[in-house]
Amino acid sequence: MGKKLFTVILIFCVLASLAACGTTGTTPELSNGPSDSAFSSETATTTAGTEISAEATDPDSSETQSTPTATNGSTPANSTPANNSTTGTGSKPPVTSTPPQSTPQPPTSSVPTQPPVSTPTQSDPPPTPSTPPTPDYEILGQDFINGVLSGLNGRRSALGLPLATLDSALSDLCLAQAIKMAEAGKAYHSETLSGCEGVSRVPYNHPADLLGDVMCTHVPNFLDTDRVKIGVAVVKKGNYLYSVVQGTY
């Protein structure tokens, strides 16, 4: 029984020495001396100078067991070797985000704008005075007017009446009415003239003296004794003569 106990203790010491050598990198050398009798103490010495002592007593005596001790401060066999690896808790190291760097833009050179070129505006030429259209009628002259007056006075002379004279102001009024008749293409009496009035629309080749004589036939008032002022106007348009004769006192 004592040998078995000694053997167990020795094995335990060897294992503890191997564990200690594993941390120091040295292999222990053990010297032991087995004995058939009961032993009081055995000492195992390692090559590194580590002394491990064990005590055993006879089974008949009170058993005393001492726990192996390391005399040089080496780590016991049942101690857990230090682990140089860091025990992680599952958290990843913080990731530092790098802010995006903006690419500097080259400064844009401002192109100086040219001032607007003012083009001198040409003033519009003054409007050309419009030329009045050429009338499409013809105002017959003084010779024809005198022929009409001559035919009228021939009738007055035959009756012993004083001869009528031509009045220029009254003739201007007759001309305005004759133009209106020529533009309208028909003969009609004026609404503004006073006194007696004769109007006619005859072919263009009608003789002037005959025209005066016919007026006395259609307007007998031209043969009044006191009606001595006469106005006459004749306008030719196309193939017709438009004539106006007025008489007043």
Looking at this structure, is Val234 under 21 Å from Asp143 (Cβ atoms), in contact with a Ser or Thr (Cβ under 6 Å, 6 or more places away or on another chain) and part of a strand (DSSP E or B)? yes
Selection over region 119-154 where residues are open to solvent by 40 Å² or more (accessible area, probe 1.4 Å) and in a loop (DSSP other than H, G, I, E, B) yields a count of 20
Among the residues of region 210-223, are any assigned to a loop (DSSP other than H, G, I, E, B), over 14 Å from Ile139 (Cα atoms) and at pLDDT 95 or above?
no
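Tally time: how many residues in region 155-176 are assigned to a helix (DSSP H, G or I) and either open to solvent by 40 Å² or more (accessible area, probe 1.4 Å) or more than 22 Å from Pro207 (Cβ to Cβ) (or both)?
Residues of region 155-176 that are assigned to a helix (DSSP H, G or I), as a first pass: 155-158, 168-176.
If we keep only those that are either open to solvent by 40 Å² or more (accessible area, probe 1.4 Å) or more than 22 Å from Pro207 (Cβ to Cβ) (or both) as well, we get 155, 157-158, 168-170, 172-173, 175-176.
So the count comes out to 10.
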Of the listed residues (Ala184, Ala178), the one being modelled with pLDDT of 95 or more, more than 18 Å from Val232 (Cα to Cα) and among the small types (Gly, Ala, Ser) is Ala184
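The values are calculated or read from the model by the stated rules, or taken from the named source; none is laboratory data. Quick caveat, the model's predicted, so the values are computed rather than measured. Virtual Cβ from ideal backbone geometry, glycine too; neighbours counted across all protein chains shown. Note: accessible area is taken over every heavy atom of the protein model, side chains too, but ligands, DNA and RNA are not part of it. Shrake-Rupley method; radii C 1.70, N 1.55, O 1.52, S 1.80 Å.
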